[in-house]
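Notes for the one structure printed next.
What follows is calculated from the coordinates using simple rules that are stated; it is not laboratory data. Remember, it's a predicted structure, so these values are computed and weren't measured experimentally. Here the Cβ is made from the backbone with ideal geometry for all residues, glycine too, and neighbour counts use every protein chain on show.
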Amino acid sequence: MTYALISLSIPLFCALLLLLAGTYVSERALAITTITASLLSLIIAWLALQEVATANQSLLLNLGGWESGLAIRLRLSPLSGLLLLFTAFMHLLIGLYAGLSRQGAVRDFWPLSSFLHGSLAALWLSADLFNLYITLELLGLTAVAMVALAGKKAFRPAANYLILSLAASLFYLLGVVLLYGRYNSLDILILAGETQNDVITRLALLMMTAGLMLKAALWPLHLWLPSAHTNAPTAVSALLSGLVVKGPLFILWLLWSEVAPLALARQIGPVFGVAGMIALVAGGISAMRSPYIKTLVAYSTVAQLGYALMALGLLLTWQLPQMHIALWLFVIAHGLAKASLFLAAGEMQTTLGTKRVSGLRGATQTVPVAMFAFAVAGGSLIGLPPSGGFLAKWVLLEPLLSQPQNWPWAFGVLLGTLVSAAYIFRVVALSFDRARINPPDTRPDRLGHWMALLPALMVWGMALTGDWLIRLLAGGGV
Amino acid sequence: MSSLQMYMLLGALIFLLGLHGLLVLTDPIRRLIAVNLMGAGTFMIMVTLARRTDPADPVLHALVVTGLVVAISATAFALRLITANLITETPNLAENNAAQSDTTLSQQGSPPT
Amino acid sequence: MSLMIVDFVPDLILAFLVICMAWGAMHARSRHDAMAMFVAFGLVVALIWARLGAPDLALAEAAIGAGLTGVLLLQAARQIPAEPRTMKKTTVQFILPLVFIVLAIALFASQLFSDDALNISEQARIRPDVGLSAPSMSDRVHLAMPDSGVGHPVTAVLLNFRAWDTLLELLVLLLALSGLRQLYPSSQSAQKKSDGPLVRGPEPWPLLLAWSRFLAPLLIVMGGYLLWRGADAPGGAFQAGALLAAAAVVLRLAGLLPALRWSSLTVRLAINVGALLFMTVAALTLYFGAGWLHYPAAQAGILILGIEVFATLSIAITLTLLVIGEYEDLHT
């Protein structure tokens, strides 16, 4: 557990020290410090993961040494260890992009991204409902602050997101309070043993679910996401879509797979499953119709989160461990692929001087590397083998295809795949149109484009580590 | 009905009134007030639950203090953000003319070939 | 029976007041009226909490919810254009959610009264009992109080039992301030820099000038007192910080406080020191002590006081900047 706490505190100290340093240090120094902190945190997160993987069970810690039931409890499970590692990794990749690309990042990006890293780490490790509320608030405020980095055009979507996010947090808080009022505990592990299927519990869980679904942009509470992620700076959009929305998803999973009574979880599973399917199709169609590049990518996030919601729903309905594996494989694969998509989209936008999809005509000639990154990442989103996305989708589909009564779900997944393919191919096909090329506005930033390709290559490399990932997620479970 | 039950209902009512305002109102400042009302309702429910024991439940009180600080931070930021946004959207102020011309430039696509 | 009703009347009056103000705060005709009603709402809520036996919270709500939020709202009202009159929802869109609300309240009420799952009926008032087989969380707090290092349970919970929450909360304040700074990018050349009072407002009201010289030191002393007293009685870092912030806001509005520049190391240090010290204590206890935020029993009281003092400073200055920070304070 010590490793995990160190991995958590490094980015937080980094952020505080960067804020303290203020105007005394150059932007280059800020970037180097943050990237080094991400790297250190990554290495130590790896050690933490090793620790929990070898122990083969979750490590628990009562903060302050107080007894269970009084203290805030932290938990390092194989899944949280993996998520710690993933968070550090994403921050490293995106930090490198922000530092090396010409487009770069605003000065204040660096302390804010360190704060984001720390908040997410605090979230993955927490096993206390109120502590999770505070990490959710941290996450939400950091996200809004980072969206506001883009300047005046981002203020409206940022303000809208903030108001909705606050309301969602209050729904969650009220649910937590009702659970405390009923069971006198805030600790997830204690509540898991005590919850019963009565009205107050159902009300509390529903309220918490509503709040979390809005924060995770799960259909139908996703409407704030496209404009917020479109108007944010490129690196920030990558972090938002890749990581920030996954935090509330984690809490939602935690809530329903542990705290909720089994009968209730079984009931809500199909609801999640159907909502996931609708998200897939509705998000995909919006992506197909969107005239702007980044909005297309943002709607793709809404669609892909539908896969995660489906996996969660089916996990709750059938209590199959496979669905648990599928859910988290999706999260990781989607995070990497979406980062690449946003970075590539941002690079292409800057180089070609256009925000519209129609401006990507002939991009394979003008910005080949970035377009390649887009296509490769898109391939993982569609689920082409042997990408990480394919791995996740295969684990999801296998139980669906095995029994005829589950075929409607499989049909939904395949429909989602078709729609994803449609909007990815829309862009790729246009980019091959070399007859009427859209000439670039500026000299392409080669390094930036290669940095955008990096996460896409990672997600295809996931297949190489697939076996290890599956064993880790299967063995750990909770 | 005991007074505690009445305060519970009051808290729930304030929460729901705030939610109603959030859904129905369009002015961002009023929506922010509505969200704050939701917060006040939640805190009232918490304080009422704390009153079940005598002396009052310190855990819930501590949670309310934390919640209050979080609420003021978020409200302050949100209010400033809304103000900055509303100032931007008004065409009268000089700075907005500069800002608007910037955004128009960046939104133009590249000329057709 | 009649005694019970008489006891109930103040609660009913407060409830009625609160509902009227809540409604007015959202749906009053003019935005100014709505804001004023919201501030009044905050004060009545503070009254209710005092009545519900929560003096800590009444203090905090009066200072933060009514005081600081009021300044925030009035400032915003001064700067933004008037509300457009055209965007109003139709009657159906307005009434339909209200109907849902009434139904929801009715359902909640029936649930609350029927099986009393939340244990709030008169008969179910729980009394803390040492030696219970399954003590509730608040029982555990009271049992663990002697080892906590302070005398007041709420302070113990905030700064010892659930210190991690408080640490994260200090980070929330910092983040809100960081976010605020993004609204004033250094490239804004249209803004003027000045070291004096807020640029765009009219001359400070003469009474404000006179009173602020008198009120501000009082508020500072009260803040210090609350901080000191928080160890054994209602009070603590947050209430003290809020009062100090209120003092700073009053001084600033009267033009008696110069700009708190982000570029000054002292200001940045004051803002960060609370969270930084807290994190340092956590790291040191992890490395050299018994664990993350596990205070050694003998030094718990002193550690808590030290953390509280610096946290109060950070909270005060962060809240001040959040409420009245202008370009000259926040420019990079």
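What is the helix-to-structure angle for A:293-318, meaning the angle in degrees between its Cα long axis and the longest Cα principal axis of chain A, kept from 0 to 90 and rounded to the nearest 10?
30 degrees
Evaluate the relative contact order of chain C (contact order divided by residue number), counting alpha-carbon pairs under 8 angstrom at least 6 apart; express in whole percent. Don't skip to the answer; put the middle values down first.
Values: 345 pairs, mean separation 61.1, N = 332.
Across chain C, relative contact order equals 18 percent.
Between rounded, prolate and oblate, where does the stretch A:1-149 land on the alpha carbon gyration tensor, with a ≥ b ≥ c its root eigenvalues, rounded for a/c under 1.5, else prolate if a/b exceeds b/c?
Working: a/c = 2.27, a/b = 1.68, b/c = 1.35.
Because a/c hits 1.5 or more and a/b exceeds b/c, the stretch A:1-149 counts as prolate.
Say the dipole of the stretch C:201-332 comes from +1 at the beta carbon of Lys and Arg and -1 at that of Asp and Glu; which of C:Ala254, C:Ala237, C:Pro296 then lies farthest toward its positive end?
Value: C:Pro296.
Rounded, prolate or oblate: which one fits the stretch C:1-72, using the alpha carbon gyration tensor with axes a ≥ b ≥ c (rounded when a/c is under 1.5, else prolate when a/b beats b/c, else oblate)?
Working: a/c = 5.03, a/b = 1.48, b/c = 3.40.
Note, shape of the stretch C:1-72 comes out oblate.
Would you work out the charge dipole size for chain A about its Cα centre, treating the Cβ of every Lys and Arg as +1 and the Cβ of every Asp and Glu as -1, and quote it to the nearest 20 debye? Before the final figure, lay out the partial values.
Details: 26 positive and 16 negative charges, 305 e Å.
It comes to approximately 1460 debye.
Using the Cα centre of the protein assembly as shown as origin and beta-carbon charges of +1 (Lys, Arg) and -1 (Asp, Glu), tell me which of A:Met288, B:Tyr7, C:Gly223 is placed farthest towards the positive end of the dipole.
With unit charges placed on the Cβ atoms, the residue in question is A:Met288.
Give the calculated FRET efficiency between A:Asp441 and A:Leu100 to the nearest 0.05, with a Förster radius of 22 Å applied to their Cβ-Cβ distance. If you can, show how the numbers build up before the last one.
On the way: r = 21 Å, r/R0 = 0.94.
The pair A:Asp441/A:Leu100 has a calculated efficiency of 0.60.
Could you go through the stretch C:19-33 in sequence order and give the Karplus-derived ³J(HN,Hα) for each residue, using 6.51 cos²θ - 1.76 cosθ + 1.60 with θ = phi - 60°, rounded to whole Hz, and x for Gly and Pro?
These are the phi-based 3J(HN,Hα) values: 5, 4, 5, 4, 4, x, 4, 9, 10, 5, 4, 9, 4, 4, 4 Hz.
Mind listing the phi-derived Karplus ³J(HN,Hα) values for the stretch C:68-82, rounded to whole Hz, using 6.51, -1.76 and 1.60 with θ = phi - 60°, and x for any glycine or proline?
5, 4, x, 4, 4, 5, 5, 4, 4, 4, 5, 8, 9, x, 5
Enumerate the amide H contacts of A:Ser126 below 5 Å, restricted to partners 5 or more residues apart or on another chain; note that Pro and chain-start residues carry no placed amide H.
Placed amide hydrogens put A:Arg75 under 5 Å from A:Ser126.
So if I take the centroid of the Cα atoms in the stretch A:231-309 and the same for the stretch A:104-148, what is the distance between those two points in Å?
When both Cα centres are located, 19 Å separates them.
Under the classification rounded if a/c is under 1.5, otherwise prolate if a/b is larger than b/c and oblate if not, where does the stretch A:372-478 fall, given a ≥ b ≥ c as square roots of the Cα gyration tensor eigenvalues?
On the way: a/c = 4.26, a/b = 1.61, b/c = 2.65.
Oblate.
Given +1 on the Cβ of Lys and Arg, -1 on the Cβ of Asp and Glu, and no further charges, what dipole in debye does the protein assembly as shown carry about its Cα centre, rounded to the nearest 20?
Working: 51 positive and 43 negative charges, 538 e Å.
For the protein assembly as shown, the charge dipole is close to 2580 debye.
Using the Karplus curve 6.51 cos²θ - 1.76 cosθ + 1.60 with θ = phi - 60°, work out ³J(HN,Hα) for each residue of the stretch A:113-120 in order, rounded to whole Hz, and write x for Gly and Pro.
Rounded to whole hertz, the list is 5, 5, 4, 4, 4, x, 4, 5.
Using a 10 Å cut-off around each Cβ of peptide A:388-401, what is the average number of partner chain Cβ atoms that fall inside?
Numbers: counts 0, 0, 0, 0, 0, 0, 0, 0, 0, 0, 0, 0, 0, 0.
Per-residue shielding by partner chains comes out at 0.
Multiply the residue separation of C:Leu269 and C:Ser30 by 0.36 nm, subtract the distance between their alpha-carbon atoms, and state the gained length in nm to one decimal.
Working: separation 239, 0.36 × 239 = 86.04 nm, distance 4.15 nm.
Result for the pair: 81.9 nm of gain on full extension.
Using the charge dipole of chain A (Lys, Arg: +1 at Cβ; Asp, Glu: -1 at Cβ; taken about the Cα centre), state which of A:Leu63, A:Leu262, A:Leu205 has its Cα farthest towards the positive end.
Most positive-ward Cα: A:Leu205.
Rounded to the nearest 0.05, what FRET efficiency do C:Thr280 and A:Thr465 have when you use their Cβ-Cβ distance and R0 = 35 Å?
Numbers: r = 37 Å, r/R0 = 1.05.
So the FRET efficiency works out to roughly 0.40.
In debye, nearest 20, what is the charge dipole magnitude of chain C about its Cα centre with +1 on Lys and Arg Cβ and -1 on Asp and Glu Cβ, if you could check? Please list the in-between numbers first.
Details: 20 positive and 21 negative charges, 245 e Å.
It comes to approximately 1180 debye.
Give me C:Leu177, A:Leu401 sorted ascending by neighbouring Cβ count inside 10 Å, so fewest comes first. Walk me through the numbers on the way to the answer.
On the way: C:Leu177 24, A:Leu401 14.
With the sparsest Cβ surroundings first, the list reads A:Leu401, C:Leu177.
With chain C treated as a Gaussian network of Cα nodes joined by springs under 10 Å, which of C:Pro206, C:Pro55, C:Pro84 yields the largest mean-square fluctuation?
C:Pro84
Could you list which residues have their amide H under 5 Å from that of A:Leu59, counting only those 5 or more apart in sequence or on another chain, with H placed in the peptide plane?
Here the answer is A:Leu76, A:Ser77, since their amide H atoms fall under 5 Å of that of A:Leu59.
Out of C:Val39, C:Val141, C:Val250, any idea which swings most in a Gaussian network model of chain C, alpha carbons joined below 10 Å?
C:Val141
With r as the distance between the Cβ atoms of A:Ile43 and C:Gln79 and R0 = 51 Å, compute the FRET efficiency 1/(1 + (r/R0)^6) and round to 0.05.
Details: r = 48 Å, r/R0 = 0.94.
Working from the Cβ atoms, E equals 0.60.
With each pseudo-label sitting 7 Å past Cα toward Cβ, what's the A:Asn56-A:Trp407 distance in nm, one decimal?
Calculated label separation equals 4.1 nm.
Would you calculate the separation in nanometres between label points at C:Ile19 and A:Arg434, each defined as 7 Å from the Cα along the Cα-to-beta-carbon direction?
7.4 nm
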